[in-house]
Amino acid sequence: MLVSVLGTGYVGLVSGAGLAEKGHRIICVDAEAARVDAVRRGVPPFYEPGLRELLVRNADRLEATTDLRRAVLETDLSLIAVGTPFANGQIDLDAVRTVARQIGQALREKRDYHVVVVKSTVVPGTTEEVVLPLLEATSGKRAGADFGVAMNPEFLTEGEAVRDFLCPDRLVLGALGARSLAALEELYAGFPEVERVRTTPRTAEMIKYAANCLLGTAISFSNEIANLCSTLGGIDVGEVMRGVHLSKYLTSTTADGRRTQVDLAAFLWAGCGFGGSCLPKDLRTLIAHGERAGQPMRLLRAVAEINERQPDQVLALVRKHFPALAGTRVAVLGLAFRPGTSDLRESPAIPIVRQLVAAGACVTAYDPAAQDEARRVFPDGEVRLCDTLEAAVADADVALLVTRWEEFRRVPDVLRATGRAPLLVDGRRMLERTAYEPYEGIGL
Ligand code: NAD
């Protein structure tokens, strides 16, 4: 199939490269020329394991351009994968509207049937009530009769995006009409084993939000329990959660007696909160959308509020030992919102660093992948970015672990090697609490 992908960010580029791997011919489009140039050279504009190899392997089936019109004219199906941020109390659909208008203008010149698929995360109703009317108005054609419309949310996780795209856990195909559904089926013909939910665009849009909000709810639930454990004293939330995980609902027993944990258990674990470009934004968007529709989202409001306060819990652990913070040398370990990515968007590390700096602490930081991004986020030298874990903690009074990078399993040894016994604050509860002294962890 000939496919254009409009928006060459995390979702657009991984989808484009993944679909090329499955044999489709792909044209990736982006408004940013630098991004397009990078893709042409086979260099992903962001860090994502396995993406470079995928781009190189499929170079003959994947091209990149800034020319959206040509991309639409030369393909059978377009995926809209532009950003949908939360701004001024609601979802910002500016980029989606712009691209929809541009596609419509191209469709005006096109004789063949074309299917437009929204892949961006958009609130229920957007595909039919915003995208479809814009396409009709700008193309002068009719949806269904002259072109197809569908919604196909993406569930990939940054840091595991290539694997998630190539081996998805589900395919949600929200199509308007049989012809659009058939086009989606053809697009995903290379994924025969994957379970499909064939539904309306509106339901497909809702599935994406419900799925993300469930994960955020599990995390905030764990953090609320962790905070209560800390307040009550004498209870380790790590043990509590291990006890919770062993429930038959989270750890099932196979016929041969083996016990296997469902992946949701990974979200039922205390930490310093969730971040990234999706979970916090999708949560806020659904809360605002529900409230606009007259349906107060009480549970999700609490989920968001707990998450926003979680960095304070981490800082309270530092203050327990260094009440003033001013002049305290703090090494922040991990800046990306999760391991495996260079993405700092809404990372809990940002409020943590900003509050430390505001309180007069001397902050060093190290992240295995996000150093370049960090230079953009903290440009004025308020944080000294280090190239190694050793350099970051060399003079530190406190090592504050924020991102669950595997490399940080070494932290106890690296701290011991300093010969000074700085405080270790484990914001992710990823290290054995007995592995190092002095140790503080969330929910201890
Ligand atoms: P992103 O910001 O990484 O990429 C968006 C890209 O679109 C940018 O490169 C931007 O330059 C380009 N763009 C914007 N306007 C354009 C225009 N008019 N023409 C051409 N290109 C344009 O965003 P992302 O993280 O890939 O997210 C895209 C959508 O997918 C969002 O709705 C997001 O919520 C959703 N999503 C993201 C993830 C994720 O993990 N990042 C996962 C699932 C779903």
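Coordinate-derived values only; no laboratory data. A quick note: this is a predicted structure, and the numbers were derived from the prediction, not measured. Note that we place each Cβ from the backbone using ideal geometry, even for glycine, and neighbour counts take in every protein chain shown.
Numerical summary
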{"quantity": "Chain lengthening between Tyr249 and Arg433 when straightened (0.36 nm per residue, less Cα-Cα)", "calculated": "63.5 nm"}
{"quantity": "Rg(Cα)/(2.2 N^0.38 Å) for the range 2-199, N = residue count", "calculated": "0.95"}
{"quantity": "Under Karplus coefficients 6.51, -1.76 and 1.60, residue-wise ³J(HN,Hα) of the range 331-338 in Hz, glycine/proline x", "calculated": "9, 8, 9, x, 10, 4, 6, 8"}
{"quantity": "Percent of alpha-carbon pairs separated by more than 30 Å within the chain", "calculated": "49"}
{"quantity": "Tensor-based shape of the range 332-405 (alpha-carbon gyration tensor, a/c under 1.5 rounded, otherwise prolate or oblate)", "calculated": "rounded"}
{"quantity": "Within the chain, helix-based [θ] at 222 nm, where runs of 4 or more DSSP H residues each add -39,500 (n - 2.57), nearest 500", "calculated": "-12500 deg cm²/dmol"}
{"quantity": "Shape box of the range 272-317 [Cα atoms, principal axes, largest first, Å]", "calculated": "40, 20, 10"}
{"quantity": "Spatially close lysines, pair count over the chain: Cα under 26 Å, gap of eight or more or interchain", "calculated": "8"}
{"quantity": "Pairwise FRET efficiency - Asp387 versus Thr231, Cβ, R0 = 41 Å, nearest 0.05", "calculated": "0.60"}
{"quantity": "Pairwise Cα inverse-distance average, inverted: Kirkwood Rh of the range 12-123 (Å)", "calculated": "14.8"}
{"quantity": "Estimated distance in nm for a label pair at Arg163 and Arg196, the labels positioned 7 Å out from Cα along Cα-to-Cβ", "calculated": "2.7"}
{"quantity": "Normalised convex hull volume, the range 215-441, alpha-carbon set, Å³ per residue", "calculated": "148"}
{"quantity": "Sequence of His321, His24 once ranked by neighbouring C-beta atoms within 10 Å, starting from the fewest", "calculated": "His321, His24"}
{"quantity": "Part-to-part distance (alpha-carbon centres) for the range 132-198 and the range 208-227, which is given in Å", "calculated": "27"}
{"quantity": "FRET E, pair Gln295, Asp263, Förster distance 45 Å, beta-carbon r, rounded to 0.05", "calculated": "0.95"}
{"quantity": "Note, ³J(HN,Hα) from phi for the range 362-371, Karplus 6.51, -1.76, 1.60, rounded to Hz, x at Gly and Pro", "calculated": "9, 10, 10, 8, 9, 9, x, 10, 9, 4"}
{"quantity": "Residue-by-residue Karplus 3J(HN,Hα) for the range 5-13, coefficients 6.51, -1.76, 1.60, Hz, glycine and proline x", "calculated": "10, 9, x, 10, x, 4, 6, x, 6"}
{"quantity": "Spatial separation of Cα centroids for the range 45-104 and the range 426-443, in angstrom", "calculated": "42"}
{"quantity": "In nm, spacing of pseudo-spin labels at Asn88 and Gln355 (7 Å Cα→C-beta vector)", "calculated": "3.1"}
{"quantity": "Contour excess over end-to-end distance, with Cα ends at Thr418 and Thr203 and 0.36 nm allotted per residue", "calculated": "71.9 nm"}
{"quantity": "Degrees separating the helix 201-232 axis from the principal Cα axis of the chain, which is the longest one", "calculated": "0"}
{"quantity": "Length added when fully stretched, Asp256-Arg108, from 0.36 nm per residue minus Cα-Cα", "calculated": "47.2 nm"}
